[in-house]
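Accompanying notes for the structure given below.
The values are calculated or read from the model by the stated rules, or taken from the named source; none is laboratory data. Worth saying up front: this structure is predicted, and the values here are computed from it rather than measured. Methodologically, a virtual Cβ is constructed for each residue, glycine included, from the backbone with ideal geometry; neighbour enumeration extends over all protein chains shown.
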Amino acid sequence: MAAKRILLIIGGGIAAYKSIELVRLLRKAGMTVRCVLTRAGEQFVTPLTLAALSENKVYTNLFDLKDEVEMGHIELSREADLVVVAPATADLLAKMAAGIADDLATTLLLATDKPVLAAPAMNVRMWLHPATRRNVATLRSDGVTVIEPDEGEMACGEYGPGRLPEPEAIKQAVAAALARTAGAVPLSGQPDFAPASHRPLYGRRLLVTAGPTHEPIDPVRYIANRSSGKQGFAIAAAAAEAGAEVLLVAGPVPLPTPPGVVRVDVETAIQMAAEVEAALPVDAAIMVAAVADWRAADTRAQKIKKDGSGDVPPLALAENPDILAGLAKSAKRPPLLIGFAAETHDVIDHAQAKLARKGCDWIVANDVSADPMGGETNRVHIVSKDGVDSWDRLPKQAVARKLMEKIADELDLRSPVDSN
């Protein structure tokens, strides 16, 4: 990435201090960095500090006549190989999505013809607000790379997603974005996708569920299964790479959010069902999550204790909602509805029965008897009314990419859904 030119736009917020280390890391990697500091950003870092580290003039004012003579804002917006916004505040994201240009930073963003990468930073409630979610989805559909914020404690004392990723993580995202721009081959050895508007799922909205659900028995115990979430997360990542707008509804798994994916975390089947319903309409729903069939009928408020009698306390179960079958009957049923089936025997027979019972379009079945859930590979069978398409054992990322190709071909026959 040496000799690449970065235009770094620094928004306001306490996280702006991380931009100082980001400049240092980008310079250490051999990149040229020019900084644009918003008025709010100047409240947290100074032009002098950024100029010293970048060894370049720092730009702050749209109406600076000297700067316009030396390097007009149009030239500044187009001389870089990549425009990076870090931190990207909720206000900046909203202006980017709406095409507002009321200061130097937003004018440069509207005038640029170069790739843009945004690293959000804001309060957790602001990040999860429907307006911000819409703005992020708009930007991603426009081809802007919006990476996911980190989760943790914030300066305001709240906890959750919204922290600016660490400078090293942003640097890696910058390197990946530059590699995509150059048409380089990523570390996986798989060819990268074309620019956003030419990707096979551009303009499509996909819903993916992944991981297990945890159904509480008492405050310390729960009913669960061995699902790792790896296949579902790989599918969400492949969908985003293929240009789709992706919402990932994830059960409790310690996996990082794939780039370009909007993630909602849930714990129980009832919570997952609610998030799936809220996500509609979508062009395709890929229901990979291993949802628990049952939950405790009476969740105890206190930990259940042994009393020394040797008697086992009764555990009454209630059936969880069937999310896949419910989606198939919904008035907002996705045009393409895909279920998953992890089986230990008679894999195809069980998958065909599940296809008929659930009312979906495809069942992706895999045999988990020899390779337990949580492994790195999968051998799947795509079961539909047209027959069975059996694939060789592949890494889960390869399964995900191959599935996206099949989904893209199927959706080419259908019109995009209206999200309004």
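Tabulated results
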item: Test: residue in the stretch 342-363 that is in contact with a Lys or Arg (Cβ under 8 Å, 6 or more places away or on another chain) and at pLDDT below 95; result: no
item: Single unsatisfied condition, residue 192 versus (1) surrounded by 18 or more Cβ atoms within 10 Å (Cβ to Cβ); (2) modelled with pLDDT under 90; (3) closer than 29 Å to residue 411 by Cβ; (4) touching a helix residue (DSSP H, G or I) at 6+ places or on another chain (Cβ under 6 Å); result: (1)
item: Selected residue (only one of 309, 330 is without any contact (Cβ under 8 Å) to a residue 24 or more places away in the chain and more than 30 Å from residue 150 (Cβ to Cβ)); result: 309
item: Some residue of the stretch 214-236 being surrounded by fewer than 24 Cβ atoms within 10 Å (Cβ to Cβ), part of a loop (DSSP other than H, G, I, E, B) and hydroxyl-bearing (Ser, Thr, Tyr); result: yes
item: Residue in the stretch 256-277 that is farthest from the chain's Cα centre (by Cα), counting only those that are assigned to a loop (DSSP other than H, G, I, E, B) and modelled with pLDDT under 90; result: 256
item: Within the stretch 290-320, tally of residues that are among the basic types (Lys, Arg), part of a loop (DSSP other than H, G, I, E, B) and surrounded by 11 or more Cβ atoms within 10 Å (Cβ to Cβ); result: 1
item: Residue satisfying condition, being of a type in the set (A, V, I, L, M) and within 24 Å of residue 144 (Cβ to Cβ), within set 242, 297, 285; result: 242
item: Cross-chain or 6+ apart pairs with Cβ under 7 Å, the stretch 22-51 first and surrounded by 15 or more Cβ atoms within 10 Å (Cβ to Cβ), then among the acidic types (Asp, Glu) and not in a helix (DSSP H, G or I); result: 38/103
item: Qualifying residue in the stretch 135-144 (condition: within 11 Å of residue 9 (Cβ to Cβ), at pLDDT 90 or above and surrounded by 19 or more Cβ atoms within 10 Å (Cβ to Cβ)); result: no
item: Members of the stretch 317-366 that are of a type in the set (Gly, Ala, Ser) and either within 24 Å of residue 268 (Cβ to Cβ) or touching a helix residue (DSSP H, G or I) at 6+ places or on another chain (Cβ under 9 Å) (or both); result: 318, 325, 326, 328, 330, 339, 341, 342, 359, 365
item: Members of the stretch 327-359 found to be of a type in the set (A, V, I, L, M), over 22 Å from residue 274 (Cα atoms) and buried (at least 18 other Cβ atoms within 10 Å of the Cβ), listed by number; result: 342, 347, 351, 355
